[in-house]
Amino acid sequence: MTASDSTHSRLTFDLVKERASRLRAELNRHNHLYYVLSRQEIADEAYDALMAELRAVEEQYPQLRAPDSPTQRVGAPPSPEFKEVAHPVPLLSLSNVFTGEDLAAWHTRVLGQLGVAQVDMTCELKIDGLALAVTYEDGVLVRAATRGDGSRGEDVTANIRTIRSVPLRLLGDGVPRLIELRGEVYFPKAPFERFNDIREAAGLPRYVNARNAASGALRQLDSRETARAPLEMFFYAIGRLEGGQMPATQWELLSKLRKWGCKVCSAPDGHEAAEWVPVRLRSLDEVARFHESVKSRRDALPFGIDGIVIKVDRLDHHDRLGFVGREPRWATAYKFPAEQAVTLLRRISVNVGRTGSLSPFAELEPVFVGGVTISQATLHNEGDIQRKDIREGDLVIVQRAGDVIPQVAGPASANVRSAESRPYRIPDDCPRCGQAVFRDPDEAVVRCVNARCPAQFERLLEHFASRGAMDIEGLGERVAIALIAAQLVSDVADVYALQEKREQLVELNLTDEAATDGEPPVSSEGAGQKRRLGEKRADKILAGVETSKKRPLDRVIIGLGIPHIGSENAVLLARNFKSLQGLGAVTSEQLDEVEGIGPEIARSVAAWFANSENSDVVRKLRVAGVDPHDETPEPPADHPIRGRTVVVTGALQGFSRQQAQDAVKSRGGKTAGSVSKKTDFVVAGAEAGSKADDAKRLGVRIITEAEFVRLLDGELPDPVPSGAPSDPGEETR
Ligand code: IVH
C-alpha cells in the first residue's frame, strides 16, 4: 500500500463513518415520527433504501455498528392508528444474495445441514409489494393484517376486501377449518401510471413508485380510498393451519393455493407458461439460468419484481433447517441489482444544449444503483422539478429507468431541508454566456437564444465529431471545448483546417474544469489542472479528420445539427437530394413532397439553409473536400419489403443490427424499435427477448435470419396463422 493509498482509504473511512452517523440519525428520527407521533414524512421505499444503505455500511465496517443503530431493532411496532393484530406465527423476512457465489454458499449450507447431496428448490418471483397475512375460517375471509414488525401488524381487513384477487371465500372442498395465507399485495405497473396521472390531474403529488402507492392505498383508514387503487395480491405461503393437512412441499402448496382460488404468481396473459410460473429445479446452474432469464424479461412483466425467491421444496426440510433471527435458512432471495437508491442531491446544474435548450441535471453524491455508480442524473425540465418539488440539498430517490438513463424520481424526504431551501428555478441568465434566457410559454424548455453562446457551439462541435455523425476519433467533449477556447475553430468546417495548425493543436490546453460540465474531476488533484494535447493525440485527431471526409451524405447531414434531423430524416434527405449542394438549393415545398418528411421538418431544414452563416459552413465543408454524393440506387418499386415495418431483435449472425436495418430501408421498408400491431415482421436472432414475446402476443410474424435474407432478396415468407410460433422448436422450450 502506498502512502497515497492509505490516505485515500482513511479518507474513505471518514466519509463512510460520517455517512453512517447521518443515516442513523435520519432513520431514528423517522422511527420516532412514525411510531410515536404517527407521522410519516418519507415514502416507505425511501426509508427502506436508507436502512439498506446503513446495513450495507455496517456489514462492510462492523466497527460502525452502534448500539443505537436502527438496524439492531428487530422490526418495529405498528402504527397505532390501525387496530393491532398479533401474528401467532411471525411473518419472516428473507436473506438476500446478489451473486452466484453467495447463492452457492447458501446452497452448500442447506445441503450440509440436511446431509443430502441434492435438494429440489421451488423458485418464484420476488414481488415488489407488501407482505400480508389473510386468515380464513371455514373458508371465509375473516382478517387481513400487514406484516408490521413481523409479530404484530395492522388490521387492514376492510381494505383487503376491496382487492378483487383476494377471494372472500376459498373455493373447493377440503378447505381447512382455519388457515392463514400469506402473500404480497402490489400495484400493477400500467394501472399505477394511470393512477398517478389521475392524481396529478387532481393536483396531488405523484407516487415515486408502485410500491409506495400500494402502501399508501393499503394504509387508508377509509377503505373506499383503497378501492380506487387497483391493487392485486399474489399468494405464496401458509402461515397457520388448523383442521387440515399441510402440503408436503412448496410446489404442492402453490398448487393447493391455486385450487382454493388464490392468485399465484404465474404466467401473465400472452406469456408462455413455462417462462414465468414457479419452477422446481435441482441444480444451481438451472437456478442461475432462471434468474438470468427472469432478469432479462422483467420489464415485460405487468408488475414489479426485485429478484427471485428460492425455497427448499420439502416443508419437513424447513423445520429441520430453521431460522437465523427472522430469516429462514430454507429460503433466500436472489435479488437483481437495486434500480432505486437514495442519495444526496448536491446541486442542480444546467447544461446548454446544441440548440440552446437549458436542461437541468442533478449532481449527486455517488450511489450504486442497478449495477452502476451514478453521480449525475437527468431532471427533465424546470416544470417537472417544480411539480416533484426537488430541491438542492434534498435526499432524493434515484432510479435507472428501463435500465438505462438515471433519473431523479423525487425527493426521498421533504423535510431534512434547511430553512434556506427554496423551490428550484432555472436561472434567468444562461449559465454559460450570461445572456438572458427565453422562456417560451408554449414549450416546456427554457432556451439560451444567443447564437454566439459558446456552449451551443461546443455541443455542436462534439455532435459533429460524434460516432453517429462524422466519427472523428479523439475529438470528444474535452477537445471540442478546448479547440473553441483556443479559437482554433469558429465553425465546424474549421476542423478541416486543423492540419495547418498542427503546432497549436499539439499545444492545446485541456483543462479538467472546462470538460466537466458538472462531472466530478477524474481525480481530486487533477481538478483545474492543465494538460497539453500532445503529438500522439493531435495526430490521431488529424487522421480522424482526414478519414471523416469520406462519410456518406446522411452522416454529414446529421453532423450539421439541423434541429429535428436525426438519422432517419437524414437518410431521407440524402436519398432525395443527393448532395449538400442539392439540399442547400431545395425549397420548403420540395421538402414537403418527400414521403416521410413532415411540414415541421421541412420548415426546419429550409430555415437552416436559409441562414447565410449555415450555408457558408456548408460551402466551406465542400471546399475542404467534404462533399459526398448519395448514390444509393432507387429501391425497386415492387420489392415486397416496401412499405412494410420490420423489427430486428436478438443477435443475427450475418448482420449487425444497423446493417440489418439499413438493408430494410434501402429496399423501401421501415424499421422500428418496438413491436406493435403495425409491425409486419420480427426478425428474431439468438437470444431474442421480450420483443419476440411481444410479437407472439400480438400475432406478428416472427422470421428467422434465413427467412430474412430471402425476404431481402424479394421472397416473402410463407404466411403463418396468426399467433402460431414460426419455429416449432419454440414450443417445447
Ligand atoms: S416467502 C420466509 N415468497 O419478500 C418466507 N416472500 O424480503 C418469506 N416476497 O417479507 C416470504 N415475493 O414480503 C416469499 N415469492 C415470494 C415473495 C416474497 C415477495 C417478500 C415478502 C417478504 C420479503 C422479504
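For Ser79, the conditions (1) over 21 Å from Arg326 (Cβ atoms); (2) touching a Ser or Thr at 6+ places or on another chain (Cβ under 7 Å); (3) at pLDDT below 90 all hold with the exception of (1). Residue count for region 435-458 satisfying the condition of being out of contact with any Phe, Trp or Tyr (no Cβ under 8 Å at 6 or more places or on another chain) and not in a loop (DSSP other than H, G, I, E, B): 9. Scan region 384-392 and give yes if some residue there is open to solvent by 20 Å² or more (accessible area, probe 1.4 Å) and in contact with a His (Cβ under 7 Å, 6 or more places away or on another chain), otherwise no. So far as region 384-392 goes, no, none of its residues is open to solvent by 20 Å² or more (accessible area, probe 1.4 Å) and in contact with a His (Cβ under 7 Å, 6 or more places away or on another chain).
Per-residue answers, yes or no, for (1) in contact (Cβ under 8 Å) with a residue 60 or more places away in the chain; (2) more than 16 Å from the ligand (Cβ to nearest atom); (3) under 25 Å from the mean Cα position of the chain (by Cα); (4) open to solvent by less than 30 Å² (accessible area, probe 1.4 Å):
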| site | (1), (2), (3), (4) |
| --- | --- |
| Glu84 | yes, yes, no, no |
| Ser93 | yes, no, no, no |
| Gly115 | no, yes, no, no |
| Gly129 | yes, no, yes, yes |
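When the residues of region 322-345 are filtered to those that are open to solvent by less than 10 Å² (accessible area, probe 1.4 Å) and within 11 Å of the ligand (Cβ to nearest atom), the one that is nearest to the chain's Cα centre (by Cα) is Ala333.
Would you mind stating whether Arg644 is open to solvent by 60 Å² or more (accessible area, probe 1.4 Å) and over 22 Å from Arg298 (Cβ atoms)? Answer is yes for this residue. Tell me yes or no: at least one residue of region 601-618 is assigned to a loop (DSSP other than H, G, I, E, B), out of contact with any Pro (no Cβ under 8 Å at 6 or more places or on another chain) and in contact (Cβ under 8 Å) with a residue 60 or more places away in the chain. No, region 601-618 has no match at all. The sole residue among Lys259, Lys263 that is open to solvent by 50 Å² or more (accessible area, probe 1.4 Å), at pLDDT 85 or above and either touching a Ser or Thr at 6+ places or on another chain (Cβ under 7 Å) or among the β-branched types (Val, Ile, Thr) (or both) is Lys263. Only residues that are more than 16 Å from the ligand (Cβ to nearest atom) and open to solvent by 40 Å² or more (accessible area, probe 1.4 Å) were counted in region 141-170, giving 8.
From the list Pro427, Pro423, the one residue that fits, being over 25 Å from Asn212 (Cα atoms) and either part of a loop (DSSP other than H, G, I, E, B) or of a type in the set (A, V, I, L, M) (or both), is Pro427. Just one of the listed residues (Asp120, Asp138, Asp197, Asp173) is more than 14 Å from the ligand (Cβ to nearest atom) and at positive phi, namely Asp138. Kindly indicate the residue of region 176-190 that is within 36 Å of the chain's Cα centre (by Cα) and surrounded by fewer than 16 Cβ atoms within 10 Å (Cβ to Cβ) and also farthest from the ligand (Cβ to nearest atom) among those meeting that condition. Within region 176-190, the match that is farthest from the ligand (Cβ to nearest atom) is Ala190.
If you go through region 220-238 and pick out every residue that is among the small types (Gly, Ala, Ser) and open to solvent by less than 20 Å² (accessible area, probe 1.4 Å), you end up with 1.
Consider region 537-586 and keep the residues that are assigned to a loop (DSSP other than H, G, I, E, B) and open to solvent by less than 30 Å² (accessible area, probe 1.4 Å). The one that is nearest to Pro633 (Cα to Cα) is Val586. Output the residue which, of all residues in region 459-474 that are open to solvent by less than 10 Å² (accessible area, probe 1.4 Å) and not in a helix (DSSP H, G or I), is farthest from Gly559 (Cα to Cα). Per the stated criteria, the residue is Ile472.
The values are calculated or read from the model by the stated rules, or taken from the named source; none is laboratory data. As the structure is a computational prediction, the values presented were derived from the model and not from experiment. So basically every Cβ, Gly included, is an ideal-geometry build from the backbone, and we count neighbours across all protein chains shown. Just so you know, the surface numbers come from the protein's heavy atoms only, side chains and all, with ligands and any DNA or RNA stripped out. Shrake-Rupley method; radii C 1.70, N 1.55, O 1.52, S 1.80 Å.
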